[in-house]
Amino acid sequence: MKKRIGVYVCECGPNIAGAVDIDRVLEAVLSLDGVAVAEKYGLLCSGDGKKYLVEQVREHGLTHLVVGACSPKQHELTFMTVCEESGLNPFLFQMANIREQVAWITPDTEKATERTIRHLKAAIRRVLYHTALEQKEIETNPDVLVIGGGMAGISAALSLGSSRKVYVVDKRDALGGKALKYEKSSPGMANSADVVENYLRGIETDENIEVLTNTNVEEVRGFFGNFLVKLRENDAESDARELRVGAIIVALGMDPLDSEVLSEYGYGKIQNVYTSLELEQANVDGKLGMSGGGKPKSVGIVHCVGRKEAGYCSEICCTVGMKIACYLQEKFPGIAVTEFYQDLSIPGRGAQVLYEEARRAGTEFIRATNVQLSESDDKIKISYERDHDKTEEKPVDMVVLLVGIGPPADAEKISNLLSVPLGKGGFFTEEHAKISPVSSSIEGIYLAGCASGPKGIPETISQSEAVAGKILAGLVPGRKIETEAKTSRIAENLCMGCQTCLDVCCYGAISYNETRGICVVNEVLCKGCGNCAAACPSGAASHQHFTSRQVYQEIAEIVK
Amino acid sequence: MSQNAEVADQILVIGAGMAGIEASLTLAAAGKNVYLVEREPLFGGQAIKCEEVFANMECATCMAAPMQQEVLQNERIELLTLSDIKEVQGVAGDFTAKITKRARYVDSEACIGCNACFDPCPVSLPNTFEEDLGERKAIYISCPGALPNVPAIDTENCVRFAGEECNLCQEACMFEAIDFDQKDEEIEVRVSAIIVATGYDLQDVSQIAGVEYTESGNVYTAREMERLYASNGPTEGKIVLRSGKEPTSAAIVHCVGREDIGYCSAVCCMYSFKFVHYLTDKLPEIKLYEFVSDLCIPGKSYQAFYEKLKDKAQITRFQNLAISQQDDTATISFQTPSGEDNTLEVDMVILAPAIVPAKGASELAEVLGIRYGEAGFYGTESGIQSGVDSGRQGVYLAGCAQGPKDIARSITQASAAVGRLLASTD
Amino acid sequence: MSEEFEPRIVAFLCNWCSYAGADLAGASKSEMPPTITPIKVMCSSRVDPVMVLTAFLRGADGVLIAGCHPGDCHYDKGNYYTRRRFAVLRKILDTLGLEGERIRLSWVSASEGPRYAKVVREFSEKIEELGRNPMWRSV
């Protein structure tokens, strides 16, 4: 079919009309191949202007549209919608920015007119090579796989169970994670274990939630809306089970920092030196006290254990320390508790309230560096530097080490399975630390809880609910997903399988097909950046709507 | 938006900062129709006042702009700027909200954002968006790049609205976009749920005991510092004191007023070190001091940020501190943790004030029928929950309206509020 | 007879930061020389070195590539690849007998209107200094 391009220049009031000789521009472009009509109009983005364009397309039987006006960032969408309304594919359209990029910055009318002609000609030559792109729709499976059955996994499952099937997989033999080990959760001091039990009952009674304990994730294939997951029970003899889900939530939790650091504090050598987690467990079990059964009269709580080696602050330990002080003061009235801290990290009113309570109950807070433990008589001697110069000592009956939070033991394994990278601290990396903190860069794989970094329970639940929000909004049963139209494509006959494109893709949108020896773009995951097209040595990879040929048309006109 | 749309699919989001924007986008993706109400003439909240945000020193406008563009172009989101919530009646599932949309006096459809109306305006006054460090006209946009890119007339300062004859802006407009006869609109909407994302304000530093702050002195607030460094700010990013001179030394003071306010504001340590980056970027020879009481730098990324910058400033711990101003300098009198008294004189002092609830927060709480804690933030921090509960069914909270937090946590909480909202209707 | 040399400069601008910065420069009416014509790409990482070389072979006097600041790329790490490709391009230009300064890589954020204008002015001056592309008319 013969190409008929309609070229329309917006006067934009005096903004363009006053700076550019539009009539001369129209004359100049009419001579170009394929241009059927070239007109000017007062304000194309107005209601009347848009109507005018629709009429023009119909009247002149236009196949392509070029508009010279303001910035495409302002009105490209407006005119693409006009195309749709007039029956044109919205991608058979190009906009030339002759306001911000010409009229407003070129005081000389002669030069401004010349530039406008150049910009418009570039757009006209380019549009001839546009293809009618379509957004694809794909079917999706709305079900969700939750990897990890601690607080993060459970709260996510409960938020999703009413609308779809949720599989909660955990390698341990029971759900609940670390939160079951706490009597209370700081800073609010609500009953943690109780709340978790409640959540677990909710999971039991929800017919849509299937719990698979003693189970590992063995393989994950596919993409957002269409994942194929292979699970296998811990007993390696058992058969694998395959599941189809649309989204995966990584809720692996955390593990305390390495025990090597602990031994520097005498852990394992000196009696009555416990980690915070051990103390929590002992408290829940009703076994709080010294080894041998005695009641401690003095306790030292050491903050920031492992912080220097890890290189980050684990966020919750300060309030955990105060919580532990409260446990001890409740169980052993009159006990002397001393907190050896470096910086009190207690954001928010809730944490402040807990801190003030701990102070009122008699807890002593000492800013201390270089804390060292040694045995002395039948006590533990804590030596430390206060204010960087004075070395002091304090004998105590018991020491609690507030050990920092580290990534979950399975982080690397799951990271490889899912192709979700690990980053700072060995935790899972978010798609964007600030504006996309619960998504990974792999579409359809979400992160909740300590798997992506140290945090407390309220923040963990916030993340789980946020993930649920994203899934409830983006993966609706029965609804299809629309893909990006301007994706990349790889021409099979030109591809030599070097996988350079795969290496540069930040979204895991390219996969290598071993059988055919070529790379393939997944148009659901492709975000349309064009990096692969630039990287491809053979020209097999092209970026739709930004093909080399299209760009060359612009270049050719610009350099004339 | 269709007037006949089911109430269940209509949601009201109050506040169009980062949390409000995220909530609106997630709701729209879920197929809901959103009324996004914002009281300022522009939207983007506090984040867009920053040139860069921690910990990556990412350009804040570049980060927010795609989200803002999506809000403006999304058919399901109706952004109502210059608007206030006057009344809310009803129950979860069926609220009726009365909104007053104040007149902009400029037709948003006709205006193309050419700014031709500013020059002729005879009235110049301090621009509060720029923390009074720059000026604007009575017809204005808050800053270059403000969205929506449509001016508003400040009737309190416009001479025409004071009774004088003046048509200058209208005459300069080629698109007949200026309409002096525009009236405030009373809009009533029926929605099934409400998300409150009204953000925060900074404590008024002039009210802090021991701090001498005047609008002509050498003591600056964090917000003023942000606008000084901003490339779309009153000095186009040049760090220059009110006197016109470049500072050769500056002290950034954390935790001012912390004892009185009674909580840590979560983000100040991080942005205070961000200021070290700002200042050494523009003035490499500047001598910097950071006055710290406790370092709050939690999480896997924040400490590394601090480590990178800490050697560019002299870090001093203090327990008591007072700030006074002189002609060309400011003086910090402080006590070290061991009780030693000291003073330091610098060209510039920058304060990190506490984060407090946004102006009008308690009044809005009355209108919405939600509770607030002793610090004025909505909802509660107790219990084991994400913080999105306001205490009233169908009304959810997101962002700093619920308590001080960084952008990542505000965005997370906004999605969480949507998650709860969507789960409750399934 | 010598014509006044007016450079022809191709500018590749990324859709998110640098194009917005260029728009802001325009909206602020910053005067910029008429030598530059922008080509919008989604990400600066779309800029194939072959495109840049083609521009020169066809007679472009200069090529400007602008993207988001490192760390701010809308597509996560795209601009890091741009940086690497630019380094390679510089070397290639030498072998073609073209001055390395005929290409420039600039990071421009959406709010840096004045900065974009400055870059354009400076680059244009530089190209004027270097003179016309020696390959012009010879291909």
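Throughout, read-outs are computed from the coordinates displayed, never taken from laboratory work. These numbers were taken from a predicted model, which means no experiment stands behind them. In this analysis, Cβ positions are derived from the backbone assuming ideal geometry, glycine residues included, and neighbour counts consider all displayed protein chains.
Observations
- Helix A:47-60 axis, angle to chain A major axis (alpha carbon atoms, nearest 10°): 50
- Whole-Å distance, taken between Cα centres, linking the stretch A:262-319 and the stretch B:6-44: 46
- C-alpha center-to-center spacing [the stretch B:70-105, the stretch A:117-136] in angstrom: 40
- Amide H contacts under 5 Å for residue B:251, placed H, 5+ residues apart: B:289, B:348, B:349, B:350
- The calculated pair-distance distribution of the stretch C:7-81 uses every alpha carbon pair, bins of 5 angstrom beginning at 0, and gives 3, 17, 24, 23, 18, 12, 3 percent.
- Amide proton proximity set for residue A:275, modelled H, under 5 Å, gap of 5+: A:401
- DSSP finds beta bridges in the protein assembly as shown, and of those with both partners inside it, around 45 percent are antiparallel.
- Here is the size of the protein assembly as shown from its Cα atoms: Rg then Dmax, 31.0, 105 Å.
- The stretch A:259-406 - convex hull of alpha carbons, volume per residue in Å³: 114
- Listed from fewest to most Cβ neighbours within 10 Å, the set B:240, B:91, B:219 follows the order B:91, B:240, B:219.
- At least 24 Å along the helix axis (C-alpha) and Kyte average at least 0.5, DSSP helices within chain B: B:407-425
- Counting Cα-Cα pairs of the stretch C:25-130 in 10 Å increments starting at 0 gives whole-percent bin shares of 14, 46, 35, 5, 0.
- Restraint check, A:486/B:274; A:2/A:486; C:29/C:126, Cα-Cα greater than 28 Å: A:486/B:274
- Across peptide B:164-174, the average count of Cβ atoms from other chains found within 10 Å of a residue's Cβ is 1.
- For the listed residue pairs A:413/A:480; B:49/B:238; A:165/A:434; B:282/C:91; A:165/A:230, the alpha carbons are over 27 angstrom apart in A:413/A:480; A:165/A:434; B:282/C:91.
- Peptide A:547-558, shielding by other chains (average Cβ, 10 Å cutoff): 5
- Prolate/oblate/rounded label for the stretch B:209-368 (Cα gyration tensor, a/c 1.5): rounded
- Between helix A:72-85 and chain A: long-axis angle, C-alpha atoms, 0 to 90°, nearest 10: 60
- Cα-based helix-to-principal-axis angle, A:548-558 vs chain A, degrees rounded to 10: 60
- Kirkwood Rh and Cα Rg combined as Rg/Rh, the stretch A:370-450: 1.28
- Each Cα pair of chain A feeds into the Kirkwood radius, which the Stokes-Einstein equation turns, at 20 °C and 1.002 mPa s, into a diffusion coefficient of 76 µm²/s.
- Inter-centroid distance (Cα atoms) of the stretch A:339-366 relative to the stretch A:481-560, Å: 56
- Rough spin-label spacing in nm, given labels placed 7 Å along Cα→Cβ, for residue B:180 and residue A:132: 5.3
- If the segment from residue B:243 to residue B:424 were pulled out straight at 0.36 nm per residue, it would be longer than the present Cα-Cα gap by 59.5 nm.
- Taking the DSSP beta bridges with both ends in chain B, the antiparallel portion is around 55 percent.
- Residue-span extension gain [residue B:259 to residue B:119] - 0.36 nm each, minus C-alpha spacing: 45.7 nm
- Applying 1/(1 + (r/R0)^6) with r as the Cβ-Cβ distance of residue A:1 and residue C:126 and R0 = 41 angstrom yields a FRET efficiency of 0.30.
- Computed packing ranks the peptides A:142-149, A:527-534 as A:527-534, A:142-149, most packed first, by mean other Cβ atoms within 10 Å.
- Note on chain B: Kirkwood hydrodynamic radius from all Cα pairs is 22.9 Å, rounded to one decimal.
- Partner shielding of A:497-505 amounts to 1, given as the average count of beta-carbon atoms from other chains within 10 Å of each residue beta-carbon.
- Cβ-Cβ FRET estimate between residue A:515 and residue B:96, R0 fixed at 35 Å, reported to 0.05: 0.05
- Taking a straight Cα-Cα cut-off under 21 Å and skipping sequence neighbours fewer than 8 places away in the same chain, the lysines within cross-link reach of residue A:3 are A:40, A:121.
- Computed over the stretch B:124-166, the quotient of the alpha carbon radius of gyration and 2.2 N^0.38 Å is 1.20.
- Among beta bridges that DSSP assigns inside the stretch B:204-353, antiparallel share in %, nearest 5: 40
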